1. In the stretch 471-483, is there at least one residue being in contact (Cβ under 8 Å) with a residue 24 or more places away in the chain and out of contact with any helix residue (DSSP H, G or I) (no Cβ under 7 Å at 6 or more places or on another chain)?
2. Output the residues belonging to the stretch 138-164 that are over 24 Å from Arg252 (Cβ atoms) and assigned to a helix (DSSP H, G or I).
3. Of all residues being more than 18 Å from His452 (Cα to Cα) and among the aromatic types (Phe, Trp, Tyr) in the stretch 505-550, which is farthest from the chain's Cα centre (by Cα)? Just the residue, please.
4. Could you check the stretch 53-108 and list, in sequence order, the residues that are of a type in the set (S, T, N, Q) and in a helix (DSSP H, G or I)?
5. For the stretch 484-498, name all the residues that are in contact (Cβ under 8 Å) with a residue 60 or more places away in the chain, among the hydrophobic types (A, V, I, L, M, F, W, C) and over 12 Å from Val175 (Cα atoms).
6. Can you name the residue in the stretch 495-550 that is in contact with a Lys or Arg (Cβ under 8 Å, 6 or more places away or on another chain) and assigned to a helix (DSSP H, G or I) and, of all such residues, is surrounded by the fewest Cβ atoms within 10 Å (Cβ to Cβ)?
7. Can you confirm whether the stretch 42-63 contains a residue that is at pLDDT 85 or above, aliphatic (A, V, I, L, M) and within 21 Å of the chain's Cα centre (by Cα)?
Amino acid sequence: MRRSWQLLGILGVLALVQLVLPGTEAAAGAWWSLVPPVVAITLALVFKDVIVSLFLGVWLGASMLAGGNVAAGFLRTLDTQMRGALVDSDHISIILFSLILGGMVAVMSRSGGTYGVVRLLEPLATTPRRAQLVTWLMGVAIFFDDYSNTLIVGNSMRPVTDSHRVSREKLSYLVDSTAAPVACIALVSTWIGYEVSLLGDAISAGGSSLNPFSVFLSSIPYAFYPVLALAVGLVAAVGGRDWGPMLRAERRARAGEISSPTAQPLADYDSTGLAPEEGTPQRWYNAVLPVLTVVLVTLGGLYWTGRSALEAKGEAAPGLSGIIGASDPFTVLLWASLLGLVLALVLAVSQGLLTLREALDATVRGFKSMLMAVVVLTLAWSLGSVCSGLETARFLVGAVGPWLPIGLLPTAVFVVAAMVSFATGTSWGTMAIMTPLAVPMVLAGAPSHLHHHLMAATVAAILGGSVFGDHCSPISDTTIMSSMASSCDHVDHVRTQLPYALLAAAVAMFIGYLPEALLDVPGWLSMVAGVAAIAIFFRFAGGRPDDQEA
């Protein structure tokens, strides 16, 4: 009965919107361009059916792009938007990486390696609080790539947090909050080359000779949102307190239900028959060695492809950060996941834990466990393509207007970038939109004595606002992959994570960017004050999951 009402509600919203559906000319760059992502996100949060909600959002956008023709939009949803998302080489790389890593995790589980990791980490993760802290520390340690971070940490720590009755929502939040936030400010990551190249183009367009890498380095003390998002995760992990929907999820988990009764995990490892046979030796290295292989091959591959790319251009290697920035991360991730899977198979078969047929069967089951995640990723990319065609970002950026005082530029840039990234689900796309718009504004309008300071704060605001959506938007691939790796219901993950992300964003704006702009407060002082504010908020607004509800 509940499903019927959900379907009727979704269809009713769709019919109402399509009655006044405009064509491309009326929607492009106008407020109508917000309708597809807003409808998709709202329906997903209200009705908890992410696939149907995303599909309807893509359909609405495709109909607008088809001149308001609903029937043509329905056909274009598949033959243009979804097919276009799948022919993108980077998207295919992410799908293959996810499938292969899913197969590797399945073999590790079937051969007893995953259960061995649980036993190995038991001395460190002896309580729910310590299990969460280990998860957070692993997320910070794998700083070089956000995709590797989510899939490795989520898959590795899921059995550990399950054994201590930590909710899947809390696990996926810790995984997600240490992925994009740490990758965007790490000096050695797959993000650095992209960020610096955008800065270089924007600085050149503004007629300046500033060094883009130096500008990036100077922005790190003002990276309020990424650092405070990490701080919220740390406080939530070690403080023993939660609030809002996360507190309810944690209390449910302590009572024995790690997932909600209505949960539909994106990757379901629990119901695919991947538990080891009774009596199978639980050897931790059968899981650790494949995961370590993925990490080491990724690091080595990033260095090798980056150096090769620079040599092919005849450029000298500009240090480790420059080499990593010039690398080909998507190709490297494919190498790493394939070698990790091969090693997992070799370990399982050579020790007699599985026959070759059993090992391959487990691999295929791992592939199957990723099917829903692949569908959601494809729809999310399709919705992003629709938003690009409707110029959703242009409308949001234009809403700021020319009236903005130059001193408030970092605050406004952060807010607009956060809205763009949340609506479109892409941090890199948001950076590409905001950087060439905001940087020249600083170069042209900032007084000479504020030039360097305002440039650093504005660049940090671009990166922070862009990461906000990547961190918590329901249509962000990193958010989806965090749900997938943690085997969590995607909507449950978004609903419980969003209040925490909004807390970090609010503190970043009111204790970070505004005081920095209005009172010239040093960035480090605002950062310390922001972390203290977060800790105080959790202390007085939060509750302990082990306490009984009043």
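The values are calculated or read from the model by the stated rules, or taken from the named source; none is laboratory data. If you're wondering where the values come from, they're calculated on a predicted model, not measured in any experiment. Using ideal geometry, Cβ is built from the backbone for each residue, glycine included, and neighbour counts are taken over all protein chains shown.
1. no
2. Answer for the stretch 138-164, where residues must be over 24 Å from Arg252 (Cβ atoms) and assigned to a helix (DSSP H, G or I): Met138, Val140, Ala141, Asp146, Tyr147, Ser148, Asn149, Leu151, Ile152.
3. Among residues in the stretch 505-550 that are more than 18 Å from His452 (Cα to Cα) and among the aromatic types (Phe, Trp, Tyr), the one farthest from the chain's Cα centre (by Cα) is Phe540.
4. Ser53, Ser63, Thr77, Thr80, Gln81, Ser89, Ser93, Ser98
5. Of everything in the stretch 484-498, those that are in contact (Cβ under 8 Å) with a residue 60 or more places away in the chain, among the hydrophobic types (A, V, I, L, M, F, W, C) and over 12 Å from Val175 (Cα atoms) turn out to be Val491, Val494.
6. Arg539
7. So far as the stretch 42-63 goes, yes, one or more of its residues are at pLDDT 85 or above, aliphatic (A, V, I, L, M) and within 21 Å of the chain's Cα centre (by Cα).
Matching residues to (1) at pLDDT below 90; (2) crowded, with 23+ Cβ neighbours inside 10 Å; (3) out of contact with any His (no Cβ under 7 Å at 6 or more places or on another chain); (4) not aliphatic (A, V, I, L, M):
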position: Leu338; (1), (2), (3), (4): no, no, yes, no
position: Val349; (1), (2), (3), (4): no, no, yes, no
position: Asp361; (1), (2), (3), (4): no, no, yes, yes
position: Lys368; (1), (2), (3), (4): yes, no, yes, yes
position: Ser388; (1), (2), (3), (4): yes, no, yes, yes
